[in-house]
Amino acid sequence: MDFIKKNLAGILLCLAIAIPSWLLGKIFPVIGGAVFAILTGMVIAVFFTKRGRFDSGIKWTSKMILQTAVVLLGFGMDLHVVIRTGRQSLPIILCTISASLIIAWALRRAMQIPGNTAILVGVGSSICGGSAIAATAPVIDADDDEVAQAISVIFFFNVLAAVFFPMLGHAIGFDTTSGESFGIFAGTAINDTSSVTAAAATWDSMWNLGSSTLDKAVTVKLTRTLAIIPITLILGLLRARREGNTEDHRFHFRRAFPMFILYFVMASIITTVLIGSGISASVFAPLKETSKFLIITAMAAIGLNSNMAKLIRSGGKPILLGACCWCGITVISLFLQHVMNIW
C-alpha cells in the first residue's frame, strides 16, 4: 500500500502520456512512440514545476519500467536465426559498431561533451537507437537529461536516414532488381528499427521488390541488436572497476553485471531454446509489444524529468557528435559492401 500511495500518481501520469504516444507511433512509425512520449514529457515539464506527489512515481518509472522493458526485449531474439542469417553482414556490423564507438570516444574530450552523453550517442548510433540507449543508461547511471538528449539526437538522424537513404542508394547505384544490398545498407547504417523499416519498405515500393529488402534489413538490424549484450556488460565492468578503485578496491559482481542485463540474456536463451523445440515465435509477440510500450512509458517519465532549457543550451555539441558517428557508420558500411562485392 505504501508503494501505491507513493508512486501511483506519477505512474498514471506517465501512462497518460504513453498511451497516445504509442498510438501516434503506430500512425507515424518513422518517428516512433518513444520520441512522441519524450517530447510530450519535456513540454509538460516546462509548465509542471510543482510535481509533489507525482515525483516519486515518475522517477520509479524512468528506472524500473525501463529495466523491465529491456529484459522483455530479449524475448524477441532467436539467437540461431540471427547468427545463421547475419553471417554475411557480420563483418560490416562489427566494423560500423566499432567505428561509432571509437568516434564517440575520440570526440568526447575534443568537444568537451559529458562522458555519459557521448557514450549514449555512440551506443545509440552504432547498435539500435532507443533500445540501446534504454539498456545502457542504467548501467552507466546516466541521468534523465542525458538520456533525453541522446534520444533526441538519434531521432534527428533516424528521420534523415529514412528520408534520404533510398535516394542515396539509387544515386550510388545499388542493385534495383534485388533488395539484398540496400537491405544490408539500411540494416547496418540506420540505428532505429522504425527507420530501418521505413527506408527498406520505401526501397521495396520504389522497385516493386515485395518485402525482400525489408526482410533483409530487419534481419541485419536484429543481428546488430545482439551487440547490446557485450557492450552493456563491458560498460558495467569498467564502471565497477572504476568505483572499486575509489571505494574499497574490491570487484563486485552485481555492479559489474547489472542483473537486468543478465535477465535480458536469459530471456534470449529461453526464446532460442523454446523456438528450437518447435514453439512458434508468434508466442513471444505479446512480450515484444509489451516491451515497446514499456519503453515508451519510461521515455515519458524521462521527458518529465528533463530540463528543456538545459537541453537546448547544450544540444549543439551532441548533435555534431551524432552527425560524426552517423557519417562514419554510413561511409564504412558503403565501403565494406563495395569491398565485399555486395554492390
Practice task
Please verify whether region 143-151 includes one or more residues that are closer than 17 Å to T297 by Cβ, within 10 Å of the chain's Cα centre (by Cα) and not aromatic (F, W, Y).
Solution key: yes
Practice task
Go through (1) open to solvent by 20 Å² or more (accessible area, probe 1.4 Å); (2) modelled with pLDDT under 80 one by one and return the number of the condition A256 breaks.
Solution key: (1)
Exercise for the section: Within region 81-96, identify whether any single residue is out of contact with any Leu (no Cβ under 6 Å at 6 or more places or on another chain), of a type in the set (D, E, K, R) and in contact (Cβ under 8 Å) with a residue 60 or more places away in the chain, and answer yes or no. Expected result: no
Exercise for the section: Might you let me know whether region 146-160 holds any residue that is open to solvent by 10 Å² or more (accessible area, probe 1.4 Å), acidic (D, E) and over 20 Å from W343 (Cα atoms)? Expected result: yes
Exercise for the section: Considering every residue within region 34-47, establish whether at least one is within 15 Å of the chain's Cα centre (by Cα), of a type in the set (A, V, I, L, M), assigned to a helix (DSSP H, G or I) and under 19 Å from K221 (Cβ atoms). Expected result: yes
Completion exercise
Inside region 175-188, the number of residues satisfying the requirement of being assigned to a helix (DSSP H, G or I) and either polar (S, T, N, Q) or open to solvent by 40 Å² or more (accessible area, probe 1.4 Å) (or both) is 3
Practice task
Working carefully through the options N116, N158, N191, find the one that is at negative phi and in a loop (DSSP other than H, G, I, E, B).
Solution key: N191
Handout entry: Count of residues meeting criterion [open to solvent by 50 Å² or more (accessible area, probe 1.4 Å), within 30 Å of L13 (Cα to Cα), modelled with pLDDT under 85 and not basic (K, R)] in region 272-308
Key = 2
Exercise for the section: Check region 69-76 and report whether any residue there is under 18 Å from the mean Cα position of the chain (by Cα), surrounded by 23 or more Cβ atoms within 10 Å (Cβ to Cβ) and modelled with pLDDT of 90 or more. Expected result: no
Exercise for the section: Report yes if L94 is assigned to a helix (DSSP H, G or I), under 15 Å from the mean Cα position of the chain (by Cα) and closer than 13 Å to S126 by Cα, otherwise no. Expected result: no
Exercise for the section: Consider I27 carefully, then state whether it is at negative phi, out of contact with any strand residue (DSSP E or B) (no Cβ under 6 Å at 6 or more places or on another chain) and surrounded by 15 or more Cβ atoms within 10 Å (Cβ to Cβ). Expected result: no
Exercise for the section: Return a yes/no flag: does region 124-145 have any residue that is more than 20 Å from A69 (Cα to Cα), open to solvent by 60 Å² or more (accessible area, probe 1.4 Å), touching a residue at least 24 places away in the same chain (Cβ under 8 Å) and not in a helix (DSSP H, G or I). Expected result: no
Handout entry: Within region 209-250, considering residues that are open to solvent by less than 60 Å² (accessible area, probe 1.4 Å), among the polar types (S, T, N, Q) and assigned to a helix (DSSP H, G or I), the one modelled with the highest pLDDT
Key = T213
Exercise for the section: Could you please let me know if S62 is among the hydroxyl-bearing types (S, T, Y) and over 23 Å from K317 (Cβ atoms)? Expected result: yes
Exercise for the section: Would you confirm whether any residue within region 156-179 is among the acidic types (D, E), in contact with a Leu (Cβ under 9 Å, 6 or more places away or on another chain) and in contact (Cβ under 8 Å) with a residue 40 or more places away in the chain? Expected result: no
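The values are calculated or read from the model by the stated rules, or taken from the named source; none is laboratory data. Owing to the predicted nature of the structure, the values given are computational and were not obtained by experimental measurement. Glycine also receives a Cβ, built like all others from the backbone with ideal geometry; neighbour counts cover every protein chain displayed. Side chains included, ligands, DNA and RNA excluded: accessible areas come from the protein's heavy atoms. Shrake-Rupley method; radii C 1.70, N 1.55, O 1.52, S 1.80 Å.
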